[in-house]
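Structure, as C-alpha cells:
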Amino acid sequence: MKQVANRIFRIIVLLFLVQGLAVSCKTTGRDQKFYEKQEKKRAAEDQKAFEESLNAHKEIQSKETLKMMRETEKQSKQLNKSRKR
C-alpha cells in the first residue's frame, strides 16, 4: 500500500513540475516577442534619426558641394552595379 501511495505521490509531483516548465516556456515566448518588438522600434528610431541628420547635413552644403555629392553617388552606383548581381 505504501508503494502505491508513494508512486502516486511521485506522479503528482512530476505533473506539477511539467506544468511549471510549460508555464515558464509560455512566458518566455511572450518576453522574447516583446523584446524583439522593442528592438525593431529602436532600430526604426535610429534609422529615422540617421536620415534626419543626413538631410540636415545636406541642407547646410553649398550648391557646388551638393552637385559633387550627386555625381559621386551616381558614379558609385555604376561601380557597384556588378556587385549587386
Item to complete: Sum up the charges of everything whose Cβ sits under 13 Å from the Cβ of Glu51, counting Lys and Arg as +1 and Asp and Glu as -1, but leave Glu51 out.
Response: -2
Practice prompt. Using only the alpha carbons of the chain, determine the length spanned along each of the three principal axes and report them from longest to shortest in whole angstroms.
Written response: 96, 32, 9
Worksheet entry | Degrees separating the helix 2-59 axis from the principal Cα axis of the chain, which is the longest one | 10
Worksheet entry | Only Lys, Arg (+1) and Asp, Glu (-1) charged, at Cβ; the chain dipole about Cα centre in debye | 580
Worksheet item: Where does the charge balance sit around Glu36 when Lys and Arg score +1, Asp and Glu -1, over other residues with C-beta under 13 Å from its C-beta?
Response: +4
Discussion item. Distance cut-off 30 Å, Cα to Cα: go down the list Lys40/Lys77; Lys41/Lys84; Lys33/Lys74; Lys58/Lys84; Lys41/Lys74 and report the pairs above it.
Written reply: Lys33/Lys74; Lys41/Lys74
Worksheet item: Relative to the longest principal axis of the chain, what angle (0 to 90°, nearest 10) does the C-alpha long axis of helix 63-84 take?
Response: 50
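Every number here is computed from the coordinates shown, using simple stated rules; none is lab data. Computed from a predicted structure; not experimentally measured. As a convention, Cβ positions derive from the backbone with ideal geometry for all residues, glycine included, and neighbour counts pool all protein chains shown.
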